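Working notes for the structure below.
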Amino acid sequence: MIEELESSRIEIQAHLDGLKTQEERNRLGQFATPSLLARDILFHAKEFLPANERVRFLDPALGSGAFFAALKRVFKADEIESSSAFEIDPHYGGPAEELWVKQGLKITHGDFTQAEPDPAFNLIICNPPYVRHHHLKGDEKKRLQQSSLTASGHKPTGLAGLYVHFLLQCQAWMAPGAIAGWLIPSEFMDVNYGKEVKKYLLDKVTLLQIHRFCPEDIQFTDALVSSAVVWIKNEAPKSEHEVLFTFGGSLAKPDIVKSVSSKDLAKEAKWTRFPKAGVREEEVDGVVRLSDLFSIKRGLATGDNKFFVLNEQQVASLNIPATALRPILPSPRYVKDDEIKADEEGLPTNVERLFLLDPKMPEEEIQSKHPELYRYLLEGKEKRVDQGYLCKGRKRWYDQEQRGPAPIVCTYMGRSDGKSGRPFRFLLNRSKATMANTYLAMYPTPAMQQRLDADPSLLEKVWRQLNEIKPEVLLGEGRVYGGGLHKLEPKELSKVPIELD
Ligand SMILES: C[S@@+](CC[C@H](N)C(=O)[O-])C[C@H]1O[C@@H](n2cnc3c(N)ncnc32)[C@H](O)[C@@H]1O
């Protein structure tokens, strides 16, 4: 019976999704949990619940009812005492009602975050709406911040999405000792707005487990976020307790398992380093970090690479004077070798020669001295390049940042499943080419520069050493996005330790 109902629900879900645009579904975070995953989650929940306790179930964001169906598949009828759910959108709430009311589900058609909490439930399972903060109106955001603060004692920043508020407000619905499983994007584990969430998870409830799915096997193909299941118990946390971090595989059979003490978690800003990497070593004297050797900056943002980055033919046909050009590296995907070689003038020899247009003179001067270049600028205006976000904010729309060439550059966005298994590459740049913001530029600190002046061969040694840094060490500092894309910010790269021979 339940299997048939679940098959109908899957069909209804697909039909209902098809009636909405992607934009409409984004606005209310309407991406259903795959049926198998919902069942895995309920199986896992059963392990946390005391065997003799009947379930009082709540799903605060029902959709068509993937979790309720899974509840009915995993728990016998006499193991369930009551089941309740919220759904704001009648598009899903209506059909869910028709399917599930006869099965004992009590649905409230309305906004979970505005309902009066009732701490009656001993199992909350939720895939909350992943609505990004910019879809939340100002007043709505303030109301949510206030109600999250009241419910949890933690006020998330304005950058937190709706799912954070669902999570922070759920404890008020949990009976003492109740279990909650939250299927949410894992980004809260690393980003700034996640700080309050992590504090809450450590201070107000007992955090039992965080399972992160492998971003390469995306669970929600249409939402493309890397997801985690966060398991909590409504119980004041002990001063120190172990939290289970699991990764990959399935909830029942993860690929990697590590338990991390809550004390170590409180000190760690990037929780996605677990369980692949261990607890970060205390900063002790003698640990050399990249910030000791390099000042790391993002490469320059041209405002419009297509317009401002020119190849040799364009330069020749536009008759652009050399003084208005600076060599610039091609984007990382066109750079095969890890070493950029150069000729005597400092122009790259083993990658395409490209030039950044940077005339550094007023338009009138360009018009009188370099008519072809002037015509090119007019073409840019016709294409509204000058109206772009960055160009508009400049004194002269075509002025570029004065960011010089860096001897080592890092490709800071990549996948760990690439050919080399290295998500990031360090390139030795022997040329005078500057770099756009597809790279991080690594400029030697004054102390490092002194050492390089004394021993120029040191640069190559450091570069080799950089490419030896284990991916886990780099990934432990960076962020991971849907589809297994890793990214490193300048500050994150600065913190990476390096062992110099
Ligand atoms: C990510 S979907 C999950 C649906 C279902 N539980 C599942 O796992 O397949 C989130 C659901 O929450 C609903 N929703 C969005 N905002 C809500 C709110 N403030 N209160 C209750 N439900 C809401 C959406 O309409 C959507 O159906």
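The values are calculated or read from the model by the stated rules, or taken from the named source; none is laboratory data. The structure presented is a predicted model; accordingly, all values stated were derived computationally and were not measured. Heads up, the Cβs are rebuilt from the backbone with ideal geometry, glycines too, and the neighbour counts pull from every protein chain shown. Surface accessibility is based on the protein's heavy atoms, side chains included, excluding ligands, DNA and RNA. Shrake-Rupley method; radii C 1.70, N 1.55, O 1.52, S 1.80 Å.
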(request) Rank 191, 180, 127 by how far each Cα sits towards the positive end of the charge dipole of the range 94-234 (+1 on Lys, Arg Cβ; -1 on Asp, Glu Cβ) and give me just the farthest. (result) 191
(request) Can you check what the net charge comes to around residue 327, using other residues whose Cβ is under 14 Å from the Cβ of residue 327 (Lys, Arg +1; Asp, Glu -1)? (result) 0
(request) With label points built 7 Å along Cα→Cβ from the Cα atoms of residue 343 and residue 193, find their separation and express it in nm. (result) 5.0
(request) Search the structure for amide H atoms under 5 Å from the amide H of residue 108, placed 1.01 Å from N in the peptide plane, and list their residues when 5 or more places away or on another chain. (result) 85, 86, 87
(request) Specify the inter-centroid distance of the range 15-79 and the range 364-420, based on alpha-carbon positions, in whole Å. (result) 49
(request) Kindly write out, for the range 425-431 in residue order, the coupling ³J(HN,Hα) from the Karplus curve 6.51 cos²θ - 1.76 cosθ + 1.60 (θ = phi - 60°), rounded to whole Hz, with x marking Gly and Pro. (result) 10, 9, 10, 8, 9, 7, 8
(request) Note down the nm distance, to one decimal, between modelled labels 7 Å out along Cα→Cβ at residue 21 and at residue 472. (result) 4.7
(message) Assuming 0.36 nm per residue, please report the length gained on full extension of the stretch residue 447 to residue 77 beyond their Cα-Cα distance.
(response) 126.1 nm
(request) On the protein heavy atoms, probe 1.4 angstrom, tell me the percent of accessible surface of the chain carried by carbon and sulfur. (result) 51
(message) I'd like the Kirkwood hydrodynamic radius of the chain, using the inverse of the mean 1/r over distinct C-alpha pairs, in Å.
(response) 25.9
(request) Specify the angular offset, from 0 to 90 degrees and rounded to the nearest 10, of the alpha carbon long axis of helix 90-100 from the longest principal axis of the alpha carbons in the chain. (result) 40
(message) Under a Cβ-only charge scheme (Lys and Arg +1, Asp and Glu -1), can you give me the dipole magnitude of the range 2-273 about the Cα centre, in debye to the nearest 20?
(response) 840
(request) Work out the FRET efficiency for residue 317 and residue 277 from their Cβ-Cβ distance, taking R0 = 56 Å, and round it to the nearest 0.05. (result) 0.60
(message) Given axes a ≥ b ≥ c from the Cα gyration tensor, I'd like to know whether the range 2-273 is rounded (a/c under 1.5), prolate (a/b larger than b/c) or oblate.
(response) rounded
(message) 5 Å is the cut-off here: which amide hydrogens, built 1.01 Å from N in the peptide plane, fall below it relative to residue 340, excluding neighbours closer than 5 in sequence?
(response) 428, 429, 430
(request) Take each of the peptides 451-460, 435-444, average the number of other beta-carbon atoms within 10 Å over its residues, and list them starting from the highest. (result) 435-444, 451-460
(request) Please state the charge dipole magnitude for the chain, taken about the Cα centre, from unit charges on C-beta atoms (+1 on K and R, -1 on D and E), reported in debye and rounded to the nearest 20. (result) 620
(message) Report the gain in length on full extension from residue 203 to residue 236: 0.36 nm times residue separation, minus Cα-Cα distance, nm rounded to one decimal.
(response) 11.1 nm
(message) Quick check: the angle from helix 2-18's long axis to the longest principal axis of the chain, C-alpha only, nearest 10 degrees?
(response) 40
(request) Using +1 at the Cβ of each Lys and Arg and -1 at the Cβ of each Asp and Glu in the chain, identify which of 108, 265, 314 lies farthest towards the dipole's positive end. (result) 314
(message) In the chain, if the dipole is taken from +1 on Lys/Arg beta carbons and -1 on Asp/Glu beta carbons about the Cα centre, which of 145, 226, 244 is farthest to the positive end?
(response) 145
(request) At 1.4 Å probe size, with no ligands or nucleic acids counted, give the accessible surface of residue 499 in Å², nearest ten. (result) 150
(message) Suppose the chain between residue 269 and residue 255 were pulled fully straight at 0.36 nm per residue; how much longer would it get relative to their current alpha carbon spacing?
(response) 2.7 nm
(request) Compute the distance in nm between two label points, each set 7 Å from the Cα along the Cα-to-Cβ direction, one at residue 43 and one at residue 333. (result) 3.9
(message) Please list, in order along the range 287-303, the HN-Hα scalar couplings obtained from phi with the Karplus expression 6.51 cos²θ - 1.76 cosθ + 1.60 (θ = phi - 60°), rounded to whole Hz, x for Gly and Pro.
(response) 7, 8, 10, 4, 5, 6, 9, 9, 9, 9, 10, 5, x, 7, 9, 6, x
(message) Please list 3J(HN,Hα) in residue order for the range 330-340, calculated via the Karplus relation 6.51 cos²θ - 1.76 cosθ + 1.60 where θ = phi - 60°; whole Hz, with x for glycine and proline.
(response) x, 5, x, 5, 9, 9, 7, 7, 8, 10, 8
(request) Could you work out the relative contact order of the chain, using alpha carbon pairs under 8 angstrom and six or more residues apart, expressed as a whole percent? (result) 12
(message) Which entries of 199/491; 233/470; 76/102 have Cα-Cα distances beyond 24 Å here?
(response) 233/470
(message) Quick check: net charge around residue 113, other residues with Cβ under 15 Å of its Cβ, Lys/Arg +1 and Asp/Glu -1?
(response) -3
(request) Classify the range 10-62 as rounded, prolate or oblate from the Cα gyration tensor: take a ≥ b ≥ c as the square roots of its eigenvalues, call it rounded if a/c is under 1.5, otherwise prolate when a/b beats b/c and oblate if not. (result) prolate
(message) Tell me the angle of helix 194-203 to the major Cα principal axis of the chain, expressed in degrees between 0 and 90 and rounded to the nearest ten.
(response) 40
(request) Would you grab the residues whose amide H sits under 5 Å from the one on residue 208? Only those 5+ places off in sequence or on another chain, please, with H modelled 1.01 Å from N. (result) 231, 232, 233
